[in-house]
Amino acid sequence: MSDLIKNSRIVKPPTGDKISAKSWLTEAPMRMLMNNLHPDVAENPNELVVYGGIGRAARSWQDFDKIVSSLKSLNEDETLLVQSGKPVGVFKTHEDAPRVLIANSNLVPNWANWDHFNELDKKGLAMYGQMTAGSWIYIGTQGIVQGTYETFVEAGRQHYNGDLKGKWILTAGLGGMGGAQPLAAVMAGACCLAVECNTESIDFRLRTGYVDEKAESLEEALGMIKSWTSSGTAKSVGLLGNAATIFTQISEMGIKPDIVTDQTSAHDPTNGYLPENWSISEWKDKRETNPKLVEAEARKSMKKTCGSYGIFLEQGGANTRLWQ
């Protein structure tokens with residue numbers, strides 16, 4: 001990450017009925033922005049990352065401060081313009097106009113690719129806002145629980161007569177979006193083994209109640225799954241590891257999950273996907289010094305993970321379902 005977004009501050013929004021802006025119409029978006037970066041909400045708040053690899057709430061901490069300052073002083077007939085996480089102007093409008101207008105990551109199609117975007121991002125000229133990070137409306141993993149639950153329930157309806165009791169889901173990714181999977185699986189009546197490469201993400205989900213247990217080894221995790229499915233108990237376990245490695249190991253052991261899915265940040269192979277056999281520190285370093293290598297190695301890991309899907313299908317026949 002650029003020096004523009006390195007900071008150690010803790011952001012917590014004000015609560016209650018006392019406001020620091022001139023009206024609730026500007027107090028509300030200010031609190032929304034701050035809530036996006038609350039340590040119980042954001043995945044990497046020190047670097048303004050809310051979720052989804054590098055999905056940020058503001059382009060830099062300097063821009064964050066300017067946005068907050070502008071919102072506090074904004075009149076009821078003015079509108080703040082924010083371009084990719086940077087406040088670029090305040091205009092006189094009218095009381096019924098939006099108080100804030102935001103546009104994130106808009107590039108002319110010919111240049112709308114990761115290489116060009118990453119170049120702009122590194123220069124501090126753009127910001128990847130994801131869907132709700134840069135628009136200040138992210139509410140944490142709770143926002144995706146319902147959709148994930150409905151997906152698992154629908155898988156049960158289509159393939160298991162509407163009953164996931166005694167079934168288990170193998171998946172990966174416990175970040176801002178993927179972190180909903182263990183809880184959603186349990187709500188749907190299934191067990192879940194979720195592979196995650198960052199131990200901090202597992203601990204976060206444990207602390208916030210999205211995953212029930214943390215296993216120290218694959219054998220321990222599979223033992224938990226076997227015990228729970230045998231008794232018809234719906235519970236979840238997080239396992240530290242790389243999906244490419246763990247999925248392949250499980251498939252080679254001849255173990256057959258009932259549902260196999262994945263919610264890693266494969267949309268961003270450089271900033272969102274850890275290559276197999278790489279440490280977190282090595283990955284972070286190489287993202288800055290050799291991003292092309294990171295992307296190439298990440299894609300190899302994705303390919304290996306997808307290869308395991310085919311093995312699961314062959315071994316499980318009609319009993320194993322892939323769900324994306």
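Every number here is computed from the coordinates shown, using simple stated rules; none is lab data. Everything quoted here is computed from the prediction, not taken from an experiment. Backbone-built Cβ (ideal geometry, glycine too); neighbour counts: all protein chains shown.
List of remarks:
- Sorted peptide list for 217-224, 239-246, criterion being average Cβ within 10 angstrom, highest first: 239-246, 217-224
- Among the lysines of the stretch 3-122, pairs at least eight places apart or on separate chains and with Cα atoms under 25 Å apart come to 20.
- Acute angle (nearest 10 degrees) that the helix 24-36 long axis makes with the longest principal axis of the chain, alpha-carbon atoms: 40 degrees
- In the chain, helices alone account for a calculated mean residue ellipticity at 222 nm of -12500 deg cm²/dmol, with every DSSP H run of four or more residues adding -39,500 (n - 2.57).
- Annotation: lysines with alpha-carbon distance below 22 angstrom to K304 (same-chain offsets under eight excluded): K256, K284, K286, K292.
- Summing Cβ point charges (Lys, Arg +1; Asp, Glu -1) relative to the Cα centre of the chain gives a dipole of roughly 180 debye.
- Modelled this way, with points 7 Å down the Cα-to-C-beta line, the labels at M187 and K304 are 3.4 nm from one another.
- When only Cα pairs below 8 angstrom with a gap of at least 6 residues are kept, the stretch 3-122 shows a relative contact order of 20 percent.
- Rounded Å value of the spacing that divides the Cα centres of the stretch 257-295 and the stretch 15-33: 38 Å
- Take every Cα pair under 8 Å whose residues are at least 6 apart in sequence, average their separation, divide by the length of the chain, and the relative contact order is 13 percent.
- Gained length - D17 relative to I311, 0.36 nm times residue gap less alpha-carbon distance: 100.1 nm
- Global form of the stretch 1-136, assessed from the alpha-carbon gyration tensor, a/c cut-off 1.5: oblate
- Here the peptides 169-178, 155-164 are ranked by packing, the mean other Cβ count within 10 Å, and the order with the highest first is 169-178, 155-164.
- Once C-alpha pairs closer than 8 Å and six or more residues apart are averaged by separation and normalised to the residue number of the stretch 142-322, the relative contact order reads 22 percent.
- Cβ-based charge dipole, the stretch 1-92, positive-most Cα from Q62, N46, L33: Q62
- Beta-bridge orientation, the chain: approximately 30 percent antiparallel, per DSSP, counting only bridges with both partners inside.
- Relative exposure of D115, D96, judged by other C-beta atoms within 10 Å (fewest first): D96, D115
- Projected label distance in nm at S69 and I280, using a 7 Å step from Cα toward the beta-carbon: 3.4 nm
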